[in-house]
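The block underneath contains the structure these notes are about, expressed in structure tokens.
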Amino acid sequence: MARAGLTTETLVRAGAELADEIGFEHATPTELARRFGVRTASLYSHVRNAHDLKTGIALLALEELADRVSEAVAGRAGKDALTAFADAYRGYALQHPGRFAAAQFRLDPEAAAASAGARHAQLSRAVLRGYDLPEPQQTHAVRLLGSVFSGFVGLEGAGGFSHSAPDAQESWTAILDALDALLRTWPARS
């Protein structure tokens, strides 16, 4: 039996919780060892190093976020799908700020290929099917959505909207309306 019930999965999940509490950058083997009351070295039979732990947290976060978005957009199209997608993304970022940061962690090519990252792109493209965008415009639109959502929730999570009017929710709604209008009238390029 693993010492103190430690397994790779236990450490990754505890690391994800730790990331939400104190920030992804502070979710380290040393901090986890303190939480479990063990020596840091005892974790290394389950995670090789801090990068391995962060990769595990990132993979977990990508999977959780893909599941949440997939459930939200199921059976929806057009603006309803766009709004459900965006709200699921924002809700996850607000509920799990450390995991959200982890979902943006740069993975090595092998880990990225095995991650839920491809599901995120597929979900974005599924939302965009309601807007009938051809390639390469669809790829540009996927990148736009990711940039807008990540940027907004990053600024919101850092308190960037907490000291001014209008309320962040009002801006979020206006942004989604603007994105819908843009996607419906996306300029065709050759």
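Worth a mention:
- Set side by side, the residues S171, S190 differ, and just one is at pLDDT below 95 and either farther than 16 Å from A72 by Cβ or open to solvent by 60 Å² or more (accessible area, probe 1.4 Å) (or both), which is S190.
- The set of residues from the stretch 46-65 being at pLDDT 95 or above, farther than 15 Å from E25 by Cα and in contact with a Gly (Cβ under 7 Å, 6 or more places away or on another chain) comprises just one member, L62.
- Count of residues meeting criterion [in a loop (DSSP other than H, G, I, E, B) and either touching an Asp or Glu at 6+ places or on another chain (Cβ under 9 Å) or closer than 18 Å to D180 by Cα (or both)] in the stretch 136-163: 2
- With respect to (1) in contact with a Gly (Cβ under 8 Å, 6 or more places away or on another chain); (2) surrounded by fewer than 16 Cβ atoms within 10 Å (Cβ to Cβ); (3) modelled with pLDDT under 95, the lone exception for R39 is condition (1).
- Checking each residue in the stretch 127-158 for being among the hydrophobic types (A, V, I, L, M, F, W, C) and more than 14 Å from the chain's Cα centre (by Cα) picks out V127, L128, L133, A141, V142, L144, L155, A158.
- Condition met for G98 (open to solvent by less than 20 Å² (accessible area, probe 1.4 Å), of a type outside the set (A, V, I, L, M, F, W, C) and assigned to a helix (DSSP H, G or I)): yes
- Within the stretch 6-36, being surrounded by 14 or more Cβ atoms within 10 Å (Cβ to Cβ), polar (S, T, N, Q) and in a loop (DSSP other than H, G, I, E, B) holds for one residue alone: T28.
- All told, A113 falls short of being touching a residue at least 12 places away in the same chain (Cβ under 8 Å), under 18 Å from the mean Cα position of the chain (by Cα) and in a helix (DSSP H, G or I).
- Looking only at the stretch 74-95, residues that are over 15 Å from the mean Cα position of the chain (by Cα) and crowded, with 21+ Cβ neighbours inside 10 Å come to 2 in all.
The values are calculated or read from the model by the stated rules, or taken from the named source; none is laboratory data. The structure displayed is predicted, hence computed values, not measured ones. Because the Cβ atoms are built from the backbone with ideal geometry, glycine has one as well, and the counts that use them run over all protein chains shown. To get the accessible areas, we keep the full protein, side chains included, count just its heavy atoms, and leave off ligands, DNA and RNA. Shrake-Rupley method; radii C 1.70, N 1.55, O 1.52, S 1.80 Å.
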